[in-house]
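The values are calculated or read from the model by the stated rules, or taken from the named source; none is laboratory data. This structure is a prediction, so every number in the text was calculated from the model and none was measured. Reconstructed Cβ throughout: ideal geometry from the backbone, glycine too, with neighbour counts over all protein chains shown.
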Amino acid sequence: MRHQTKKHTLGKAQDQREALLRSLATELFMHGEIKTTMARAKALKPYAEEIITFAKKGDLNSRRQAAKYIFDKETGKYMDLATGEVFDAPQADKKLAAETVLRKLFVVIGKKYSNREGGYTRIYRLPPRRGDASEMALIQLV
């Protein structure tokens, strides 16, 4: 019996599903919100909230665990690691590192939710997609 083993399979094999969730979580942390189908948004919510919990801890082991669940893409911006400020171009007077999704997750997002006990994402329903009338959703960081 499969009691209490509910999982959003999304009609995909395990490796494809994990790659899809990893990609969706990366884009969510990069942009703050994404538009996707309702099924994918519901599957992404617990996945993303677990990663944010790693970011709240902030230690090296949590950073390595979170790196397994997202793609560490560069955002094209530069970040001051001490303050979390983001710059479009490198500054002459400051020592800046390239902003990646993992750095943004731990420096900005983890500190933002440090006092929150859960519920880091929100799902809004959107009108159906025009091509196939699939139920759409907007998932965003609170």
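With respect to LEU24, is the statement that it is of a type in the set (A, V, I, L, M) and farther than 25 Å from LYS6 by Cβ true? Spell out the reasoning first.
On the way: of a type in the set (A, V, I, L, M): yes; farther than 25 Å from LYS6 by Cβ: no.
When the stated conditions are applied, LEU24 does not pass them.
Take GLU49 and tell me if it is of a type in the set (D, E, K, R) and within 15 Å of LEU105 (Cβ to Cβ).
Details: of a type in the set (D, E, K, R): yes; within 15 Å of LEU105 (Cβ to Cβ): yes.
It is true that GLU49 is of a type in the set (D, E, K, R) and within 15 Å of LEU105 (Cβ to Cβ).
Summed over segment 48-74, the residues that are hydrophobic (A, V, I, L, M, F, W, C), in contact (Cβ under 8 Å) with a residue 60 or more places away in the chain and either part of a loop (DSSP other than H, G, I, E, B) or touching a Ser or Thr at 6+ places or on another chain (Cβ under 7 Å) (or both) give a count of 1. Candidates are the residues of segment 20-31 that are closer than 13 Å to ALA43 by Cβ and of a type in the set (A, V, I, L, M); the one that is surrounded by the fewest Cβ atoms within 10 Å (Cβ to Cβ) is LEU20. Return yes when PRO128 is over 26 Å from GLY11 (Cβ atoms), assigned to a loop (DSSP other than H, G, I, E, B) and free of Cβ contacts under 8 Å to residues at least 24 places away in the same chain and no when it is not. Answer is no for this residue.
With LYS77, LYS45 as the choices, which residue is outside any loop (DSSP other than H, G, I, E, B) and touching a residue at least 24 places away in the same chain (Cβ under 8 Å)?
Working: LYS77 fails: touching a residue at least 24 places away in the same chain (Cβ under 8 Å).
When all the criteria are applied, what remains is LYS45.
Only a single item in (1) farther than 25 Å from LYS6 by Cα; (2) modelled with pLDDT under 95 is not met by GLU117, and it is number (1). Screening GLU18 on (1) under 24 Å from ASN115 (Cα atoms); (2) modelled with pLDDT of 95 or more; (3) more than 13 Å from the chain's Cα centre (by Cα) shows it passes everything except condition (1).
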